[in-house]
1. Equivalent-ellipsoid semi-axes (√(5λ), Cα gyration tensor) for the chain, whole Å, largest first?
2. Give the residue from Q81, A60, T27 lying farthest towards the positive end of the charge dipole for segment 21-152; charges sit on Cβ (+1 for Lys and Arg, -1 for Asp and Glu) and the dipole is referred to the Cα centre.
3. List the trypsin sites (Lys or Arg not before Pro) in segment 93-166 that DSSP assigns to loop (not H, G, I, E or B) and whose Cβ has at most 15 other Cβ atoms within 10 Å. Which are they?
4. If you filter segment 80-123 for GluC sites (Glu not before Pro), then keep DSSP loop positions with at most 15 other Cβ within 10 Å, what is left?
5. For segment 139-166 and segment 1-71, what is the separation of their Cα centres, given in Å?
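Any read-out appearing in this document is the output of simple, stated calculations on the displayed coordinates, not a laboratory observation. The model shown is predicted, which means the values in this text are computed figures rather than measured ones. All Cβ positions, glycine included, derive from the backbone under ideal geometry; neighbour counts span all protein chains shown.
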Amino acid sequence: MKRGTPALAEETRAALRCVPTGVAVVTVVREGEARGITINAFTSVSLEPPTLLVCINRQARSYLYIAHSRRFALNVLAADQQEIAERFSGKRRERQFEGLATTLGNGGIPLIDGALAHFDCVVSAEHEVGSHSIFIAEIERASHRIGEPLGYFDGAFRTFALERVP
Ligand SMILES: Cc1cc2nc3c(=O)[nH]c(=O)nc-3n(C[C@H](O)[C@H](O)[C@H](O)COP(=O)(O)O)c2cc1C
């Protein structure tokens, strides 16, 4: 398969379905209006200083919110929060937060109650790569609780079987 061919793009898409990930919602506020976007492209980058990254499609409505406000929260979802993952993945264009329990984090950004982990972040760099932007962000505050994570694998939401390998 050659670089830049549709065949390679197709095989890449198929191969990426084999990569299990967690699921998170990036929440953001711009000029007083809150938005959120479900993502699975997020990872830790550094502990000194505490830093993570998220990859956001520049076509997404949420992109401009993040690019302009340069601040967001990452809410890592629990296994019982699939409805929230769906709610923030384009199923609901307006009133995304209606009926959703949240607590205000840094910068007045809503943190989703019941998430396994929350990170209040300030963007330190943006790198445009193809259709997406990688936002590298310094973590200002982090919190977590013990619980089951929501997973994503082979195009479906999953629980993880979290047994330790013997
Ligand atoms: C499991 C899952 C993972 C996703 N991961 C990402 C991601 O990492 N980055 C991204 O930009 N969009 C991702 N999306 C797609 C966005 O959630 C979707 O495009 C959303 O509609 C964009 O919303 P907006 O246009 O309102 O900002 C994912 C969707 C799902 C269901």
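1. Taking √(5λ) for each Cα gyration eigenvalue gives 24, 21, 17 Å.
2. Working it through, the farthest residue towards the positive pole turns out to be A60.
3. Details: sites: R93, R95, R141, R145, R158, R164; in loops: R93, R95, R145, R164.
Sparse-neighbourhood loop trypsin sites (Lys or Arg not before Pro): R93, R95, R145, R164.
4. In loop regions of segment 80-123 (DSSP not H, G, I, E or B), the sparsely surrounded GluC sites (Glu not before Pro) are E94, E98.
5. The two parts, judged by their Cα centres, are 17 Å apart.
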